[in-house]
Every structure is written in structure tokens, then in C-alpha cells.
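The values are calculated or read from the model by the stated rules, or taken from the named source; none is laboratory data. None of these values were measured; they are calculated from a predicted model. Cβ sites come from the backbone with ideal geometry, for glycine too, and all protein chains shown count toward neighbours. Please note that ligands, DNA and RNA were not included when accessible areas were found on the heavy atoms of the full protein model with its side chains. Shrake-Rupley method; radii C 1.70, N 1.55, O 1.52, S 1.80 Å.
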Amino acid sequence: MRAFRWILPALASATLVSEAGVARTPAGGAAARVAINPLLPGGPDPWIVRQGDTYYYMATLGDRLAIRATRDLSRLAEAKETVVWRPPVTGPNAQSIWAPELHRIDGKWYIYYTAAAAGHDDDAHRGVFVLENASADPLTGTWIDRGRVATAQPGIDGTTFEHRGKRYFVYSPYVGSESDLAIVAMTNPWTVTGPETILARPDRAWERQGGRQILEGPAFLKGPKGDLFLAYSGSACWSDGYAVGLVRAPAGADPLKASSWTKAAEPILKTTPSAGVYAPGHNGFFTGKDGSTWMVYHANTAAEMGCTGKRAPHIQRVTFDASGAPALPTLEREAVVP
């Protein structure tokens with residue numbers, strides 16, 4: 001998600017209804033709905049979280065943070081976009097508002113997002129910022145600016161997770177010519193403490209496509225056997241080689257030790273022309289109302305579409321193999337959602 005990460009056409013800011021998100025009831029399932037991928041015509045860096053019966057969706061819009069709320073993901077295109085925050089004119093978080101994530105932590109809502117400083121839309125002035133809202137409904141209440149996460153390096157794509165009573169922050173720092181994955185402990189949802197650890201570097205050929213060496217968009221998932229997983233996107237987002245990889249740490253390991261994490265040899269999600277999926281990446285994980293595990297990710301619908309606002313959100317049910325690692329069945333254009 002470098003400076004070229006998105007070019008937002010008008011469609012990214014409108015509520016559009018097309019074949020995407022058509023709802024129908026599948027045979028034999030009165031309660032389930034069929035979501036047609038992609039869910040929307042555009043929506044880079046998508047994020048979905050469920051609270052009760054409501055799914056909340058966010059994505060990169062560039063100049064604002066907005067949430068769509070729906071009880072039926074197959075009808076996401078019909079959900080109103082509610083703007084919850086706009087950047088200040090000046091300051092360190094004034095532009096290039098990217099990759100929002102909505103988290104429910106200790107009874108409050110938090111949004112982690114990437115931004116750049118006014119007058120300096122470059123990697124050296126990019127960081128991850130946090131908003132907090134005590135309302136039960138993230139569409140209402142007051143969002144309090146908790147400022148920039150004090151990471152050791154400028155970077156993007158912050159996420160957080162809890163493990164064994166401790167909270168951690170993971171992001172993609174700029175380290176020389178690379179974008180890596182780094183982890184650090186937290187004392188609260190906006191404050192990091194102690195040294196950072198680089199847990200993964202772009203050292204595989206598939207992570208170096210498009211002329212850059214990039215790991216970005218980390219997304220946490222706890223496996224059914226307690227193992228820790230971080231999915232991430234590798235290569236430049238404008239390359240059709242952009243794909244989703246995976247690192248894994250055993251249940252009893254220390255997440256802050258680089259030696260705890262093992263990288264999968266190949267991506268778990270990559271360009272799949274038969275499914276109409278090109279340059280898939282920047283995924284997140286969420287749970288369905290029935291407890292099932294799902295992935296949301298963006299992808300282009302044709303080859304060589306680049307890194308624009310036409311990257312559209314897709315969802316895919318996640319299964320787990322015998323070792324407890326996440327696996328993706330054959331990618332489908334239609335997803336039966338609970």
C-alpha cells in the first residue's frame with residue numbers, strides 16, 4: 001500500500017447496486033442468503049466485523065472513514081454508507097486515509113487506519129492512527145482521536161489481537177526498500193510498549209512481484225487448536241502477482257519472538273482466472289452468525305487492472321486442515337452466508 005496504492009474513481013464513494021450483492025435464497029435454506037462476489041463494484045482493503053446480528057463493513061475511501069451496517073451480507077450494496085470521521089486539514093493524519101479496521105475491545109469500538117501528514121504524502125510521513133468510541137453502536141456516539149500509534153518506523157496497515165491476556169499490535173513498517181511485518185506489545189488499544197520485532201520479510205519470489213519487495217495488510221486469526229496465524233499480502237498491489245500469504249506460531253509460543261513464526265511456502269490465495277479473481281489481497285477474517293470463519297479480501301475482476309478503487313470486496317468461507325491451518329475451498333462467485 002505505497003503511495004500508488006489507490007486511485008479512487010467516483011464509484012468508490014457511491015452506494016451502487018449491480019449484480020454484486022444480489023440476494024436470493026438457496027434451495028433448501030430459507031435462512032441463508034447467497035452473496036454474489038464481488039459484494040460491491042469497488043472497495044479496496046475491505047474489513048468486516050460482526051457484533052450480534054449485525055455485520056459492519058469498512059474499506060479505503062481515501063478522504064474519510066465510513067461504515068456500512070447490515071444484517072445480511074448479500075445485501076451489503078443496499079446498506080447506507082455512514083461517514084463517522086473526516087481528517088483534519090492539517091496535521092499528521094490529514095490525507096491518504098487507508099485500510100480502516102473496526103475492532104470491539106473491552107466494550108468500546110476502535111478504528112485503526114493509515115494516514116499521511118499534510119503536505120507530505122510519502123512513505124516517510126505515513127503512520128497508523130486510532131479512534132475510540134464508547135457507544136454500543138459504532139454508527140453513533142463520539143469518535144475520540146487517540147493519535148498515532150508510536151511505532152519504531154513509519155508504516156501502514158495496523159491491526160491488533162489479544163493472546164493469553166496480552167494485546168499485540170502488528171503493522172507493515174518501511175524498512176529500507178522493503179515493507180516488512182513487525183509486532184510489538186500494547187498496554188492499551190492505542191499505546192505500544194517495548195521493542196518491536198520484525199517477524200517476516202519479503203524473502204520469497206512471489207512476494208517481490210511488480211518491482212517491489214512488500215509484505216502488508218496483516219490479519220490475525222486464531223486456529224481451532226490454538227495456533228496463531230497472520231495472513232498478509234505480498235508484492236506490489238498493482239501486480240497481478242499480488243497474493244495472500246500466511247505465517248504461523250504454535251499455541252504456546254511467544255508472539256514477540258521472530259523464531260515463533262513460520263512462513264508458508266506458497267500463498268494461500270492468488271490470482272485465479274477461473275473464479276474471476278485477480279491480484280487478491282488485503283484480507284481480514286470474521287465470524288458468521290453460525291460461528292463459521294470467513295475471509296474478506298479485495299480483488300480485481302480482470303487482469304492488469306492495477307491498484308485502483310475498482311479493487312472489489314469478496315468473501316470466502318474458511319475451513320481448517322488436519323493441522324489446524326486455515327484453508328480456502330475452491331473460490332466461488334456465489335457465497336452462501338448465514
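Restricting attention to segment 210-222, which residues are closer than 26 Å to D321 by Cβ and open to solvent by 10 Å² or more (accessible area, probe 1.4 Å)?
Hits for segment 210-222 are F220, L221, K222.
For (1) in contact with a Phe, Trp or Tyr (Cβ under 7 Å, 6 or more places away or on another chain); (2) modelled with pLDDT of 95 or more, each residue gets a yes or a no:
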site: A32; (1), (2): no, no
site: G43; (1), (2): no, yes
site: M58; (1), (2): yes, yes
site: G62; (1), (2): yes, yes
site: T70; (1), (2): yes, yes
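What is the residue count in segment 289-338 for residues that are open to solvent by 20 Å² or more (accessible area, probe 1.4 Å), at pLDDT 95 or above and within 30 Å of R212 (Cβ to Cβ)?
Total meeting the criteria: 7.
Could you please find all residues in segment 252-274 being of a type in the set (A, V, I, L, M, F, W, C) and modelled with pLDDT of 95 or more?
The answer is A253, L256, A258, W261, A264, I268, L269.
Within segment 53-69, count every residue that is touching a residue at least 40 places away in the same chain (Cβ under 8 Å) and crowded, with 17+ Cβ neighbours inside 10 Å.
Residues meeting the conditions: 11.
Go through segment 85-111 and give me each residue that's at negative phi and aliphatic (A, V, I, L, M).
If the condition is that a residue be at negative phi and aliphatic (A, V, I, L, M), then V89, A94, I97, L102, I105, I111 are the ones that fit.
For segment 92-121, name all the residues that are out of contact with any strand residue (DSSP E or B) (no Cβ under 7 Å at 6 or more places or on another chain) and open to solvent by 10 Å² or more (accessible area, probe 1.4 Å).
D106, G107, A117, G119, H120
Taking segment 237-271 only, how many residues are open to solvent by less than 40 Å² (accessible area, probe 1.4 Å) and out of contact with any Phe, Trp or Tyr (no Cβ under 7 Å at 6 or more places or on another chain)?
9
How many residues does segment 204-221 hold that are without any contact (Cβ under 8 Å) to a residue 60 or more places away in the chain and either closer than 17 Å to T151 by Cα or not polar (S, T, N, Q) (or both)?
Of the residues in that region, 6 qualify.
Counting only residues that are in contact with a Gly (Cβ under 9 Å, 6 or more places away or on another chain), closer than 15 Å to D157 by Cα and among the aliphatic types (A, V, I, L, M), which one in segment 176-195 is surrounded by the fewest Cβ atoms within 10 Å (Cβ to Cβ)?
Looking at the filtered set, the residue picked out is V184.
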